[in-house]
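Chemist: Submitted below is the structure of interest, expressed as structure tokens.
Any read-out appearing in this document is the output of simple, stated calculations on the displayed coordinates, not a laboratory observation. No experiment lies behind these values; they were computed from the predicted model shown. Don't worry about glycine lacking a Cβ; one is built from the backbone with ideal geometry, like all the others, and counts go over all protein chains shown.
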Amino acid sequence: MKDLTIRNLSKTYFDPYAGTNVTAVHDVSLKVEQGEFVCIVGPSGCGKTTILNMIAGFIPHTGGEILVGGRPVKGPGPDRGVVFQSFALFPWRTVLENVAFGPKMRGVRKVERERIAHEYLALAKLTEAAGRYPAELSGGMQQRVGVVRALANEPDVLLMDEPFASVDAQTRMTLQEELTRIWQEKRPTVIFITHDVQEAVFLANRVVALSKGRVLDDIAVDLPRPRSWDALNDDARFKELSGRVLQLVRSA
Amino acid sequence: MKQFLLKIWSHCVRLTARWPSIASIAPFIPVVAAWWIVTELQLFPRVFLPGPAEVVRSFGSLVYMGILPAYLQDSIVRLAVGAFWGVALGIPLGILVGLNQRARTALWPLLLFFQAIGDIAWLPILVIWFGYGLTTITVVIVYTVIFPVVLNTVLGVRSIPITLHRAAQSLGASRIRMLWEVVLPGALPNIVTGLRNGLGYGWRALIATEIIVGTSGIGFLMFDARRSGSVVEILLGMIILGILWYIVDSWILAPIERATGQRWGLVTR
């Protein structure tokens, strides 16, 4: 795991229908330390997914630089694991094969990569599902697979793009608690995109509020771990922090 | 009366549950029966419309003489060779056109243009170029099979969600491995559909080609029978065409579809 540095990042693209240049991301700078969990929160259209896609290397940035462990990002690579909102599991691969995919691409032998996959499946309590196909799982289970598939490849940075936005509210809370547990165990560097302020505060060490392509503020979350919704629901500090972030995002 | 019918119905359900193959034969029973009744009533002269029994007899004698097995083999080998090349050329071409914007811009109009010319429309010029032989037949089959395979492969490749490409890339898959790990399996259900259409069209084109340029094969058998005025053999040829296609579909194509798209949840019902 390594740190991530974003300096003066911007994204401008030409809209052929409007005939003008549109700036989606405006001079964003951010430093994420190794092992830190940072949530980027903001309303839809604020440029948060664009930032993530640029860090992942899916789309090129038009200004500034992105450094992972000091090396500039040029296109997608296994040093940055991605968890997608739409899960993006390979439907033709079993759960085990999905999780073993990254190690397989690295050339890890079959016995060894299946051992790794089993280890990570156990981490997400998915041992029973190893031989099943993604279509046979519930949404919550599919996203558990999505998370451990990215982790099993041991990326320097884990990028999560609204990963829990398409599961039901109860499952989401469980997944959030599990994610904090897994994070504590493995301590990956995480950038987590969300529009849900409470989710951001619940998960993060640090919440970055974003609006109209600009960073508004950067708020440290000093809540103790392990975190659970039972404990935090009525926690005064949690409410205070959530309130502050919400105000920031709404006022902009 | 109602009780009696219900009893028969329940017998049928139990019978087909035990032997599923009966379910695929049962729909043909009324058709054959109707055919048999029409011929027995002598609505048409026997020479024009022979009955099922005569067709079966003709089948027996043609098999005995060795003509039918030899012709059948010729037709099937021709289709297999044509289908092989159609698929071997069609899938890579479809993947190229599906993945590459430039290739698509350059080739898509050409594909549509040549698809429209159709297989049989090539026969006159092919006969001049290659004569009455296997080359002409093979070219027609390949030509017929390749378009549905290419067009469906393109459709399949383009319908793969971009997140799957991205997921594979960020898990470290190289461009070459992406083909095998994402593009090919993602497009496979569509490729099978293309293959099914292609083989169906190819089968028809083969019979038509054999009628015109053939010296053997099921199409030739039927055309030869017309010359000697043997309606029995024409009917026999038609029935064999139907049965053969049924076998190809239910023994080869349907199992592939079941094993791929349906299990993966890419096809629902």
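Chemist: Could you work out the relative contact order of region A:52-145, using alpha carbon pairs under 8 angstrom and six or more residues apart, expressed as a whole percent?
Modeler: That works out to 26 percent.
Chemist: Now for a different question. Decide, for the protein assembly as shown, between rounded, prolate and oblate: order the square roots of the alpha carbon gyration tensor eigenvalues as a ≥ b ≥ c, take rounded if a/c falls under 1.5, and otherwise choose prolate if a/b is larger than b/c, else oblate.
Modeler: prolate
Chemist: Mind checking the angle between helix B:218-227 and chain B's longest principal axis? C-alpha axes, 0 to 90 degrees, to the nearest 10.
Modeler: Here the helix axis deviates by roughly 40 degrees.
Chemist: Hey, fewest Cβ within 10 Å first, where do B:TYR143, B:TYR201, B:TYR64 land in order?
Modeler: B:TYR64, B:TYR201, B:TYR143
Chemist: Compute the long axis of helix B:28-40 from its Cα atoms, compare it with the longest principal axis of the Cα atoms of chain B, and write down the angle in degrees, 0 to 90, nearest 10.
Modeler: 40 degrees
Chemist: Please give the residues of region B:26-48, grouped as numeric ranges, whose backbone N is less than 18 Å from a label point set 7 Å along the Cα-to-Cβ vector of B:ILE67.
Modeler: Backbone N within reach: B:47-48.
Chemist: Now for a different question. Let me spell out the model: positive unit charges on the Cβ of Lys and Arg, negative unit charges on the Cβ of Asp and Glu, origin at the Cα centre of chain A. What dipole size does that give, in debye rounded to 20?
Modeler: Here chain A has a charge dipole of around 600 debye.
Chemist: Charges only on Cβ, +1 for Lys and Arg, -1 for Asp and Glu: so what's the dipole of region B:1-94 about the Cα centre, in debye to the nearest 20?
Modeler: The dipole magnitude comes to about 440 debye.
Chemist: Roughly what angle does helix B:67-99 make with the longest principal axis of chain B, taking Cα atoms, 0 to 90 degrees, to the nearest 10?
Modeler: Taking Cα atoms only, the helix is inclined about 20 degrees.
Chemist: Given the rule -39500 (n - 2.57) for each run of at least 4 DSSP H residues, summed and divided by the residues of chain B, what is its mean residue ellipticity at 222 nm, to the nearest 500 deg cm²/dmol?
Modeler: -25500 deg cm²/dmol
Chemist: For region A:169-252, with the dipole built from +1 on Lys and Arg beta-carbon atoms and -1 on Asp and Glu ones, taken about the Cα centre, which of A:ALA209, A:GLN198, A:GLN170 lies farthest toward the positive end?
Modeler: It is A:ALA209, whose Cα lies furthest towards the positive end.
Chemist: Once the dipole of the protein assembly as shown is set up with Lys and Arg at +1 and Asp and Glu at -1 on Cβ about the Cα centre, which of B:ILE91, B:ALA187, B:TRP203 lies farthest towards its positive end?
Modeler: The residue sitting most towards the positive pole is B:TRP203.
Chemist: Same structure again: Run the helix sum for chain A: -39,500 (n - 2.57) per DSSP H stretch of 4+ residues, divided by residue count, reported at 222 nm to the nearest 500 deg cm²/dmol.
Modeler: Helix contribution divided over all residues of chain A: -11000 deg cm²/dmol.
Chemist: Which of B:LEU112, B:THR163, B:ILE125 sits farthest toward the positive end of the charge dipole of region B:94-188, with +1 on the Cβ of Lys and Arg and -1 on the Cβ of Asp and Glu?
Modeler: Positive-most Cα among the choices belongs to B:THR163.
Chemist: Loop only by DSSP, 16 or fewer other Cβ within 10 Å of the Cβ. Give me the chymotrypsin sites (Phe, Trp or Tyr not before Pro) in region A:1-95 that pass, ordered by residue number.
Modeler: A:TYR17
Chemist: With θ set to phi - 60° and the Karplus curve 6.51 cos²θ - 1.76 cosθ + 1.60, what are the ³J(HN,Hα) couplings of region A:97-103 in order, to the nearest whole Hz, using x for Gly and Pro?
Modeler: So the Karplus estimates, Gly and Pro as x, are 5, 4, 5, 7, 4, x, x Hz.
Chemist: Given a 10 angstrom Cα cut-off, can you work out which residue in A:VAL28, A:VAL111, A:VAL157 is the most mobile in a GNM of chain A?
Modeler: Among A:VAL28, A:VAL111, A:VAL157, the largest mean-square fluctuation in the Gaussian network model of chain A belongs to A:VAL111.
Chemist: Let me ask another. Taking the alpha-carbon centroid of each part, what is the distance from region A:47-82 to region A:1-38 in angstrom?
Modeler: About 9 Å separates the Cα centre of region A:47-82 from the one of region A:1-38.
Chemist: Which aspartates and glutamates, if any, have their Cα less than 20 Å from the Cα of A:LYS239, not counting same-chain residues under 8 positions apart?
Modeler: Cα-Cα hits under 20 Å: A:GLU177, A:ASP196, A:GLU199, A:ASP217, A:ASP218, A:ASP222, A:ASP230.
Chemist: Taking amide H atoms as placed 1.01 Å from N in the peptide plane, list the residues 5 or more away in sequence, or in a different chain, whose amide H sits under 5 Å from that of A:ASP27.
Modeler: Correct list: A:SER10, A:LYS11.
Chemist: Report, ordered by chain and residue number, the lysines lying within cross-link reach of A:LYS125, taken as a straight Cα distance under 30 Å and ignoring same-chain residues fewer than 8 apart.
Modeler: Excluding near neighbours in sequence, the set is A:LYS2, A:LYS104, A:LYS110, A:LYS186.
Chemist: Counting alpha carbon pairs within less than 8 Å and at least 6 residues apart, what relative contact order, in whole percent, applies to region B:52-175?
Modeler: Computed over region B:52-175, the figure is 36 percent.
Chemist: Using unit Cβ charges (K, R positive; D, E negative) and no other charged atoms, how large, in debye to the nearest 20, is the dipole of the protein assembly as shown about its Cα centre?
Modeler: 340 debye
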